[in-house]
Amino acid sequence: MYLIALAAHVTRDLGLSAALVGALAGTCAALEIPLLIGAGRLAGRLGEERLVGAAAVLAVAFFALLPFAASGPSLLLLQVPNALWTAVLVSLPMVLVQREIPGGAGTAAALFSATFPVAQLLAGALTGLVAARTGYSGTFWCGAALCALACVLLRARGRAGRNLPG
């Protein structure tokens, strides 16, 4: 939803330059590469589940702060938490899914990969519905709510996993 609504929010809602949208995307992408490597190393010390949970909380904060960012510098500064949560959530959940399907790494990879086109389809439809009713910044509030739901589900999964035998 963020990628779909960002350009329209920056140019239409905020009246800022379209070049800023490219700078935002480029800044986030440049930060993500080293953060992906760091996330893998940090996961070994903190645990994948804990790091994924922290990234989900950071995503809530990012989306909740985004509607208040009205200038180029504030939007650029927000690319730091954006890159942090993105780096963790595009890498570590695959490890968690593979762990859930012992001996089925290929199945886990296919299942995990298949979720992205479905998510993109749903994100496009939801972005259109939310933006039509609340404006483009409303999609960021929707993103914050969905990330908060993810936090709740991750927490519930963690508690359920502790109650399982073995």
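FYI, it's all coordinate maths here, none of it is from the lab. Remember, it's a predicted structure, so these values are computed and weren't measured experimentally. Cβ sites come from the backbone with ideal geometry, for glycine too, and all protein chains shown count toward neighbours.
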For mean projected area of the Cα convex hull in nm², with candidates (i) 19.7; (ii) 9.5; (iii) 10.4, the value calculated from the shown model is option (iii)
Check: C-alpha center segment 107-155 vs C-alpha center segment 14-79, spacing in Å is 16 Å
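Does segment 8-69 come out rounded, prolate or oblate by the C-alpha gyration tensor, with a ≥ b ≥ c the root eigenvalues, rounded set by a/c under 1.5 and, if not, prolate when a/b is larger than b/c and oblate if not?
Details: a/c = 5.51, a/b = 1.92, b/c = 2.87.
It comes out oblate by the Cα gyration axes.
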Two pseudo-spin positions, 7 Å from Cα along C-beta at S74 and at I101, lie apart in nanometres by 4.3 nm
Output row, site L149, 7 Å Cα→C-beta label point, backbone N cut-off 17 Å, window segment 1-28, residues 1-2
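Report relative contact order for the chain in percent, whole number only (criteria: Cα-Cα under 8 Å, sequence separation at least 6).
Averaging sequence separation for qualifying contacts and normalising by length gives 35 percent for the chain.
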Taking 0.36 nm per residue of separation between F116 and R159 and subtracting their Cα-Cα distance, the length gained on full extension comes to 12.8 nm
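Taking the Cα centre of the chain as origin, sum charge times position over the Cβ atoms of Lys and Arg (+1) and Asp and Glu (-1), and report the length of that vector in debye to the nearest 20.
So the dipole magnitude of the chain works out to roughly 400 debye.
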